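Taken together, the values in this text are just the output of simple stated rules run on the coordinates, not laboratory data. No experiment lies behind these values; they were computed from the predicted model shown. Cβ sites come from the backbone with ideal geometry, for glycine too, and all protein chains shown count toward neighbours.
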Amino acid sequence: MISIEPCIRRADMIRCALCGDAPCDAACAAIRPAELLRSVWFRNEQTAAQRLPEKNPCLTCDAACERACVRPGEVPIRDVINRMYYQVLPACETPVPADESRLRCELCGIPLENPFLLASSVVGSTYEMCARAFEAGWAGVSFKTVCSLEIHEASPRFSALTGDNGGIVGFKNIEQLSDHSVAENMEIFRRLKQNYPTKVIVASIMGQNEAEWGELARLCEENGADAVELNFSCPNMAEGGLGSDIGQVPELVERFTAAAKRACSIPVLAKLTPNVAAMSPAAEAARRGGADGIAAINTIKSVVSVNPHTYVSAPAVRGRGAVGGYSGGAVKPIALRFIAELGHNPALKGMHLSAIGGVETWQDALEFILMGGGSIQVATAVMQYGYRIIDDLKAGLNLYLAEKGFATVREAIGLGLPSLDATTDALERDTKIFPRFDPVRCIGCGRCAISCADGGHQAIRLNEKRRPVLDGKKCVGCHLCILVCPQQAISPGSKRVGGRA
């Protein structure tokens, strides 16, 4: 069974820099360690394990890969490979599929070879970038927003919150739209469609009035775009009445959607802002205007990190900061909530949902699919790791679909919606599920006891051997201890129903 909780965790290789042209690959004649490590990082360990040669080359080698590493001796490459042989590979019940036919799907009736597209951003902003992405295996692109505005970007324009390994947790940008002219972008569309006819080009556009929305939609269709995405959601526009200002007013969403729809015959998607309490009013307005689908979410208005000496928020531009758009893994729960809201809405039944927001791994993508997403758009993860992540996105999702017996990814769309309630009111509240402690994995750090004492219900103490002991009379089954354990040594255990164990 494909593992939801991987045998090898990111923490096991947290010092890996995920290099390009990695020195560890050059040092190993038997396998490509960097590719295997990257698959582990992107939670695709089972397909990686099945790519290993029959005999384990690490048993007789001197770990030249670890010495060649840009952080010599800091990444346990040989240990990770050995664990793939002896822990992961024996657990692989489903062979890697021979082809990617299960990944075929569609976007508003347009065939997609897989669900993955580049989201409208810098990652899909030139011919050369899109061509490299298509060659890498991406099914399409939502091209960076075409407009007639004069775009002059600030520098710097990115900032981020980072995790323990320096990787991006949350990403902020103050970037605007395409700085190419409309004519230049139309030339890019023509070249892409000529050279990559099976790839899908979604033209993101932003107009200043009804006539301009319609004109841009018409031009994009005439120059090879397969669909149009209406940018009602960019939070970084200098002028009022554009971007997310429109997405917050359903009447404007309906009016401009109708203008674009009248001007073209290709599918039209409305890309909606998350800077609202509920997205359904704007989505329903888009449908009234004739939209064929919804794209969501765009970035969330944010302030990220204020310098304690200059008092300026990042990114600082000549001593000034600005509210900008927040993206990356940190926004995924919010994006999932909005996709689920749209997926649950009967007024939107049959509309395509193109899901965006913090997708980095195949499991992230699957979660959006289970909440109703019919296609998946990715930007921030590409900015951090490159187009190469498509390999693990496709391979991991393909293996999951094969294991579950799905003939196509479309069979999984929306499967998580029936079990999701809009509030906690409907949840059963009489059952308590106690934690179970694994004495072998436990290292006696006491994190569980500290968290339970200061953030829970004082139900855990450490014994003389520094192992946790549970007081069942005090435990309420909140599972805070499971979440804070650095060793994954605590799991759900026995149940107590109505006060009885």
*Counting only residues 5 or more places away or on other chains, whose amide H sits under 5 Å from the amide H of V169 once H atoms are built in the peptide plane?*
L161, T162, G163
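Using alpha-carbon pairs under 8 Å, 6+ residues apart, how would you state the relative contact order of segment 431-497 in percent?
49 percent
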_Inter-probe distance in nm under a simple model that places probes 7 Å from Cα toward Cβ, at I433 and N82_ = 3.4 nm
*Using a basic spin-label model with each label point 7 Å from the Cα along Cα→Cβ, how many nm lie between E106 and I443?*
5.2 nm
*T94 long-range amide H proximity, modeled H, under 5 Å*: none
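Once you compute Rg and the Kirkwood Rh from C-alpha atoms, what is the Rg to Rh ratio for segment 10-91?
Radius of gyration over Kirkwood radius for segment 10-91 works out to 0.91.
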*asked:* Whole-Hz ³J(HN,Hα) for each residue in segment 318-325, computed from phi via Karplus 6.51 cos²θ - 1.76 cosθ + 1.60 with θ = phi - 60°, x for glycine and proline: what do you get?
replied: 6, x, 10, x, 8, 4, x, x
*Can you check how the C-alpha radius of gyration of segment 431-497 compares to 2.2 N^0.38 Å, as a plain ratio?*
0.98
*Counting only the backbone N, which residues of segment 470-501 are under 15 Å from the spot 7 Å out from the Cα of Q458 toward its beta-carbon?*
471-476
*Potential extension, N165-E184 segment - 0.36 nm per residue separation minus Cα distance*: 2.9 nm
_Pairs of alpha carbons in the chain whose separation is greater than 29 Å (percent)_ = 57 percent
*asked:* Give the aspartates and glutamates reachable from K193 as a straight Cα distance under 19 Å; neighbours fewer than 8 places away on the same chain don't count.
replied: E106, E113, E128, E135, E184, E221, E222, D226, E229
*Specify the angular offset, from 0 to 90 degrees and rounded to the nearest 10, of the alpha carbon long axis of helix 332-344 from the longest principal axis of the alpha carbons in the chain.*
60 degrees
*asked:* Quick check on my link table: of K271/K301; K301/K349; K271/K404; K144/K394; K301/K432, which ones sit more than 27 Å apart, alpha carbon to alpha carbon?
replied: K301/K349; K271/K404; K301/K432
*Sorted from fewest to most neighbouring beta carbons within 10 Å, what does the list E187, E54 look like?*
E54, E187
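Which of the trypsin sites (Lys or Arg not before Pro) across segment 308-399 are loop residues per DSSP, with 15 or fewer other Cβ within 10 Å?
The qualifying sites are R318, K349.
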*Based on the Cβ-Cβ distance of S491 and E74, what FRET efficiency does E = 1/(1 + (r/R0)^6) give at R0 = 35 Å, to the nearest 0.05?*
0.70
*What fraction, in whole percent, of alpha-carbon pairs in segment 276-408 exceed 24 Å separation?*
42 percent
*Starting from the Cα-Cα distance between I450 and R67, subtract it from 0.36 nm times their residue separation and give me the gain in nm to one decimal.*
134.0 nm
*Note down the relative contact order for segment 1-143 as a percent, whole number, built from C-alpha pairs under 8 angstrom at least six residues apart.*
22 percent
*Each label point is 7 Å from the Cα along the Cα-to-Cβ direction; what then is the distance between the points at R10 and A154, in nm?*
2.8 nm
*asked:* I'd like the distance separating the alpha-carbon centroids of segment 468-486 and segment 59-130, in whole Å.
replied: 35 Å
*asked:* To test your reading of the geometry: what angle, between 0 and 90 degrees and rounded to tens, separates the Cα axis of helix 390-404 from the longest principal axis of the chain?
replied: 70 degrees
*State, as an integer percentage, the relative contact order of segment 339-427 based on alpha-carbon contacts under 8 Å between residues 6 or more apart.*
32 percent
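Of S244, S204, how do they rank once you tally other Cβ atoms within 10 Å and put the fewest first?
S244, S204
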*Just rank S148, S155, S233, fewest to most, by other beta-carbon atoms within 10 angstrom.*
S155, S148, S233
*Relative to the longest principal Cα axis of the chain, at what angle does helix 182-195 sit, 0 to 90 degrees, rounded to 10?*
60 degrees
*Tell me, what HN-Hα J-couplings in whole Hz come from the Karplus equation 6.51 cos²θ - 1.76 cosθ + 1.60 at θ = phi - 60° for each residue of segment 405-413, using x for Gly and Pro?*
x, 7, 6, 8, 4, 4, 5, 8, 5
